[in-house]
Every structure is written in C-alpha cells, then in structure tokens.
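Trainee: Structure below; questions to follow.
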Amino acid sequence: MKNTSLSCIALAAALSLAGCGSPSSAGSVGAEGTASSSASAPSATPSATPSATSAPTPSVPPAATPAATAAPTPSSAPDPEPSPFTTSDGLYSFVMPATWTATPVPPNTAPDYGANLSRTAYSIRDAAGTEMALFMGGIPGDGAAVPHPGHVLLDSEELPALSGQVDRGPGPISYVFDYFPDPVSGDLVYVARLHQGPLPADGIYAMQFTLASIGTNGQVAFTATFDQTRFPEPADATAWLGTEEYAGLRSMLSSLTFNG
C-alpha cells in the first residue's frame with residue numbers, strides 16, 4: 001500500500017540498504033509464475049529419487065473489486081404537498097392542490113346597503129391555466145329564490161366543521177356535485193359547490209343553490225362549473241369521480257374555513 005511503501009523507502013535510505021525488507025523464505029510467484037531468486041538453497045543430501053520438476057503455477061489475477069452499486073433512482077418524485085391559501089382580507093382560507101393557483105378577479109358588486117362587506121374573488125386554475133373553480137366572499141343579501149329543478153346528485157358529503165360556522169339560515173353545509181339542464185339551452189351543466197340546507201330528494205333547489213352564509217361577512221360562493229364540452233354525457237362525469245383531479249377539487253372546496 002502507498003503508506004507502507006513510503007515508510008520502507010525512508011527506512012532504506014536511513015540504513016543505506018538496497019531494498020525495503022527481505023523476500024519471503026518460501027519464495028514468491030512472479031508475473032510469469034517462476035520462483036523468486038531468494039528461494040532456499042537445495043539440501044546437501046541428495047534425494048533418493050529425483051524430484052519431479054513442478055509446472056509453473058499460473059498467475060491468478062487479483063479479484064476485481066465490485067463496482068459500487070448506485071442507489072436506485074425513484075421512478076417519479078413524490079407529489080408536492082397541497083398549498084394553503086388565504087384571501088387578501090384574511091377572512092377565508094382553503095387548501096389547493098399543489099400546482100394550482102388563485103388569481104384575483106373582480107368581486108361581486110351588488111349593493112350591500114351599508115353592511116360594509118369585505119369582497120374578494122379568485123379564479124382557481126390548474127397548472128395548465130384552466131379555470132377549475134371560482135371563490136367569491138362578501139356577497140350581500142339573499143336575493144330572490146325561485147325553483148331550480150332537475151338536479152341529479154353525483155356526490156355529496158356533509159361538512160360538520162363548516163356547518164358550525166353558519167351565521168344565519170338553515171344548516172348544514174354540504175359539499176355537492178350534481179348536474180341539471182340549463183333552463184334556457186337545455187344543455188347539461190355540472191356544478192361542484194358548497195350547499196347550505198337539506199339536500200332536496202326531488203332535485204328541486206332554490207335559485208341560490210350556490211350560496212352559503214358562512215361567517216359574518218355576507219355569503220360565499222365556492223363553485224366549479226363544467227359544461228358538455230368537458231362532460232358530453234353524465235357517464236363521463238361519473239367516471240371523473242375516481243380521478244386525482246376530482247379528489248383535489250373536492251378536498252379544496254371542503255377545506256374552506258372562515259377566519260373572522
């Protein structure tokens with residue numbers, strides 16, 4: 001080894017010797033497999049039977065050192081963590097999928113008759129820039145309520161934590177995803193949203209089925225609306241329920257909380 005050789009050279013220089021240590025008395029095998037010149041002298045007493053000349057021992061190359069095994073490379077990086085988001089007025093928070101963004105858009109402008117509501121609105125878009133949902137806070141009043149029939153429920157879940165933040169009106173708050181025919185065109189419209197009040201078994205909602213009185217800052221609307229360009233048939237929307245994208249949307253709407 002390198003350190004040993006250096007020590008031997010230093011010792012040889014000090015003692016004015018020609019080498020670094022003496023060869024082994026048993027002889028060493030050279031590169032061609034011949035005995036070392038420092039092998040022991042033959043015995044003075046001849047052997048009764050001449051010894052057979054042994055064949056040179058073939059040189060055995062040193063065993064190769066196994067190459068270091070590289071650590072396996074993961075096939076894909078773990079999914080990023082969801083991204084918490086709070087509106088600019090600090091009143092509302094929700095958790096978006098990691099690659100989605102919330103961009104401010106013009107808020108609701110209906111008169112609040114001196115209620116001094118804090119109004120915020122955001123377009124939530126995926127990594128490709130497609131709008132996936134719309135959030136609006138500080139919406140005033142109840143407005144007119146007229147029947148809105150024909151809703152077919154695809155998915156729903158009551159949200160106890162958000163129901164506890166209802167300021168007025170009947171509870172509870174539920175997450176809902178359903179579809180209904182547009183009253184003008186007749187085309188199917190698919191809406192994921194927060195709904196306040198009991199879910200009607202007959203599929204007839206009030207016109208304000210997208211509004212919920214959460215907190216003390218008027219009402220909120222948190223919706224994701226799709227038309228038949230996205231889901232040509234209800235079966236396409238039903239199949240979407242099992243996707244990661246839908247799970248992210250559902251989780252985001254269900255995570256809304258009022259901070260006031």
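The values are calculated or read from the model by the stated rules, or taken from the named source; none is laboratory data. Please read these numbers as outputs of a predicted model, since none were measured by experiment. Counting neighbours? That spans all protein chains shown, and the Cβs are built from the backbone with ideal geometry, glycine included.
Trainee: Specify the residue that is farthest from residue 85 (Cα to Cα); the eligible residues are those in the range 98-129 that are aromatic (Phe, Trp, Tyr) and part of a loop (DSSP other than H, G, I, E, B).
Mentor: Across the range 98-129, the extreme among qualifying residues is 113.
Trainee: Across the range 205-226, what is the total count of residues that are touching a residue at least 40 places away in the same chain (Cβ under 8 Å) and under 25 Å from residue 240 (Cβ atoms)? First the steps, then the outcome.
Mentor: Of the range 205-226, the ones touching a residue at least 40 places away in the same chain (Cβ under 8 Å) are 205-209, 211-225.
Within this subset, residues satisfying the condition of being under 25 Å from residue 240 (Cβ atoms) are 205, 209, 211-212, 220-225.
Residues that pass the stated criteria total 10.
Residues checked against (1) more than 23 Å from residue 259 (Cβ to Cβ); (2) loosely packed, with under 11 Cβ neighbours inside 10 Å; (3) aliphatic (A, V, I, L, M):
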site	(1), (2), (3)
82	no, no, no
90	no, no, no
101	no, no, no
104	no, no, no
109	yes, yes, no
115	no, no, yes
126	yes, no, no
149	yes, no, no
182	yes, no, no
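Trainee: Looking at residue 240 and the list (1) crowded, with 17+ Cβ neighbours inside 10 Å; (2) in contact with a strand residue (DSSP E or B) (Cβ under 8 Å, 6 or more places away or on another chain), which single condition is not satisfied?
Mentor: Going through the list (1) crowded, with 17+ Cβ neighbours inside 10 Å; (2) in contact with a strand residue (DSSP E or B) (Cβ under 8 Å, 6 or more places away or on another chain), residue 240 breaks only (2).
Trainee: I need the full set of residues from the range 206-231 which are in a loop (DSSP other than H, G, I, E, B), more than 20 Å from residue 258 (Cβ to Cβ) and among the polar types (S, T, N, Q), in order please.
Mentor: Across the range 206-231, the qualifying residues are 228, 229.
Trainee: Oh, and also: Looking at the range 198-219, which of the residues that are under 13 Å from residue 148 (Cβ atoms) and among the small types (Gly, Ala, Ser) is modelled with the highest pLDDT?
Mentor: 203
Trainee: If you don't mind, another one. Considering every residue within the range 177-192, establish whether at least one is over 18 Å from residue 145 (Cα atoms) and polar (S, T, N, Q).
Mentor: The answer is yes; a qualifying residue exists.
For (1) more than 19 Å from residue 93 (Cα to Cα); (2) surrounded by 15 or more Cβ atoms within 10 Å (Cβ to Cβ); (3) touching a Pro at 6+ places or on another chain (Cβ under 6 Å); (4) in contact (Cβ under 8 Å) with a residue 24 or more places away in the chain, each residue gets a yes or a no:
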| site | (1), (2), (3), (4) |
| --- | --- |
| 152 | yes, no, no, yes |
| 159 | no, yes, no, yes |
| 189 | yes, yes, no, yes |
| 231 | yes, yes, no, yes |
| 245 | yes, no, no, yes |
| 257 | no, yes, no, yes |
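Trainee: Related question: What number of residues within the range 88-144 satisfy the criterion of being out of contact with any Leu (no Cβ under 8 Å at 6 or more places or on another chain) and among the polar types (S, T, N, Q)?
Mentor: Of the residues in that region, 8 qualify.
Trainee: State whether one or more residues within the range 125-140 are over 19 Å from residue 224 (Cβ atoms) and at pLDDT 95 or above. I'd like the intermediate steps shown before the answer.
Mentor: First, pick out the residues of the range 125-140 that are over 19 Å from residue 224 (Cβ atoms): 138, 140.
Now drop any that are not at pLDDT 95 or above, which leaves 138.
Scanning the range 125-140 turns up at least one residue that is over 19 Å from residue 224 (Cβ atoms) and at pLDDT 95 or above.
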